[in-house]
Amino acid sequence: MLLKTQAATEIAQFLANHPTSEQIVAFHPSSKVAERAYELIYTERDGSLTEEESKELESYLVIEYLMELIKLEANRQVRQQAS
């Protein structure tokens, strides 16, 4: 189950605004979200993640995977429109 994280909130707000394919391809998480993700990754490497942090990191990874798939499809659509 995904946790309600800042990353999930940002993605929901972004997608709720019906972005164009170009906007989807150009999307990047906020620096706050990126910093938190890196913090969790480094904490995991240290072997000191709590159970809650582990769930949070898993949520970030799922969100990242889904956004990669969405961006691939959006990029395909952009290329298709250009040809």
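Read the figures in this text as sums done on the coordinates, not as results from a lab. None of the values given here were measured: they were computed from a predicted structure. Counting neighbours? That spans all protein chains shown, and the Cβs are built from the backbone with ideal geometry, glycine included.
A few points about this structure:
- Here the average projected area of the convex hull drawn through the C-alpha atoms of segment 6-82 stands at 5.4 nm².
- Residue separation of Thr20 and Glu53 scaled by 0.36 nm, minus their Cα-Cα distance, works out to 8.6 nm of gained length.
- Its DSSP H runs of at least 4 residues, each contributing -39,500 (n - 2.57), put the calculated 222 nm mean residue ellipticity of the chain at -26000 deg cm²/dmol, to the nearest 500.
- Proximal lysines relative to Lys55, as straight alpha-carbon distance under 23 Å, when same-chain residues fewer than 8 apart are discounted: Lys4, Lys32
- Here the Karplus relation 6.51 cos²θ - 1.76 cosθ + 1.60, evaluated at θ = phi - 60°, turns the backbone of segment 41-56 into coupling constants of 4, 5, 5, 5, 4, 6, x, 10, 6, 7, 4, 5, 5, 4, 5, 5 Hz, with x for every Gly and Pro.
- Under 14 Å from a label point set 7 Å out along the Cα-to-Cβ vector of Gln80, the amide N atoms of segment 12-47 belong to 21-22.
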